[in-house]
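Shown next, in structure tokens, is the structure this report addresses.
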Amino acid sequence: MPRLIEPGPTSEQFNVMLKAAGRAPDHMALMPYEFIVYEGNNRQQLGQVFQRASAVKGLAEAQVTQASQLPLRAPLVIAVAMKYQPHDKVPRDEQLASAACTALLMQQAAFAQGLGAIWRTGWFAEDEQVKSELGLSPDDAIVGFLYVGTPAVPTPIKPDKDIQSKVRFPE
């Protein structure tokens, strides 16, 4: 999905995306995730978070400025977070997988409704300052940033992968 433009999802479309996310595997019904939603002018808040993190990292001025503009590449940006909850039956990795499934399901629900969506990660998703500014604890994780909007150009179809090479049947 190379470019996303206005309009973003309607409230009805967004609610379908949330409903899809609620179908993610979720051992013990912990709901170990949170969706921090940026739309309209609020996207600039996320851009400022990216800008500050870029400056602290010591990036060049042009990169710091560019970081502030990243959330403006789509009408809606959802920071998908894993909110870790210590539990004797649900390890951290399983909670992270559940949160990742919510991002995938939201993305697929966007596609099913004719929207476009890009799941971005990169160093911003790993940065402790970004996590902190988004109100997350050191035990939490940013699964990614889901950019959602209307495709500006037809969606490129990726070629099929030879997945058979990844299948193994032990003897």
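The values are calculated or read from the model by the stated rules, or taken from the named source; none is laboratory data. If you're wondering where the values come from, they're calculated on a predicted model, not measured in any experiment. All Cβ positions, even for glycine, are placed from backbone atoms using ideal geometry, and neighbour counts span all protein chains on display. SASA here: full protein model, heavy atoms, side chains in, ligands and nucleic acids out. Shrake-Rupley method; radii C 1.70, N 1.55, O 1.52, S 1.80 Å.
Numbers for the structure displayed
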{"quantity": "Contact order relative to length of the chain, as percent, for alpha carbon pairs under 8 angstrom and 6 or more apart", "calculated": "34"}
{"quantity": "Cα shape, region 103-171, gyration tensor, a/c 1.5 rule", "calculated": "oblate"}
{"quantity": "Estimated FRET transfer efficiency when R0 is 30 angstrom, pair S165-S137 (beta carbons, to 0.05)", "calculated": "0.15"}
{"quantity": "Computed [θ] at 222 nm, helices only, for the chain once each DSSP H run of length n ≥ 4 contributes -39500 (n - 2.57)", "calculated": "-11500 deg cm²/dmol"}
{"quantity": "Positive-end extreme of charge dipole, the chain - chosen from T102, I157, V80 (charges on Cβ)", "calculated": "I157"}
{"quantity": "Å² per residue, accessible surface of region 5-78 at 1.4 Å", "calculated": "57"}
{"quantity": "Estimated dipole of the chain in Debye, rounded to 20 [Cβ of Lys and Arg +1, of Asp and Glu -1, Cα centre]", "calculated": "360"}
{"quantity": "Cα gyration tensor shape for region 1-120, rounded if a/c is under 1.5, else prolate or oblate", "calculated": "oblate"}
{"quantity": "Exposure rule at most 12 other beta-carbon atoms within 10 Å, DSSP loop trypsin sites (Lys or Arg not before Pro): the chain longest free segment", "calculated": "90-160"}
{"quantity": "For region 45-171: rounded, prolate or oblate by the Cα gyration tensor [a/c cutoff 1.5]", "calculated": "oblate"}
{"quantity": "Per-pair calculated FRET efficiency, R0 = 25 Å: Q85 and Q129 via Cβ, rounded to 0.05", "calculated": "0.60"}
{"quantity": "Among G116, G22, G144: highest mean-square fluctuation, GNM of the chain, C-alpha pairs under 10 Å", "calculated": "G22"}
{"quantity": "Test item: Cα-centred dipole of region 104-157, Lys/Arg +1 and Asp/Glu -1 on Cβ, debye", "calculated": "360"}
{"quantity": "Apportionment of accessible area to carbon and sulfur, region 1-102, percent (1.4 Å)", "calculated": "53"}
